[in-house]
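Structure, as structure tokens:
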Amino acid sequence: MQTSRQRFQKVTRKGQMTIPAEFRRRHRITEGSLLRVDDEGQRLVIEPIPDFGELIGSDVGRYSLGEAGRMLDKSRKRWR
């Protein structure tokens, strides 16, 4: 099944727009999800930032809980 990757959305007076449900489901975007917005000159790129909880298990045994927490704190500071 082929899915469309293009939708036209209207921006509200407050600068908001709705991400289509199909896209939110595909990219696991839920209320409170963090998105990165890049201005690439002629276009805007919106990229979901994975939830730290989704990444648990990808490096099991590689880092202690304390180390993982410090890495998370460092990452958060970069995004603020």
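Once C-alpha pairs closer than 8 Å and six or more residues apart are averaged by separation and normalised to the residue number of the stretch 10-49, the relative contact order reads 27 percent. Computed from the Cβ-Cβ distance with R0 of 22 Å, the FRET efficiency linking residue 80 to residue 31 stands at 0.65. Placing pseudo-labels 7 Å out from each Cα toward the beta carbon at residue 68 and residue 5 gives an inter-label distance of 3.2 nm.
Readers should treat all values here as calculations from the given coordinates under stated rules, not as data from a laboratory. Here the structure is a predicted model, which means the values were calculated and not measured. Please note: Cβ atoms are built from the backbone with ideal geometry, for glycine as well, and neighbour counts cover all protein chains shown.
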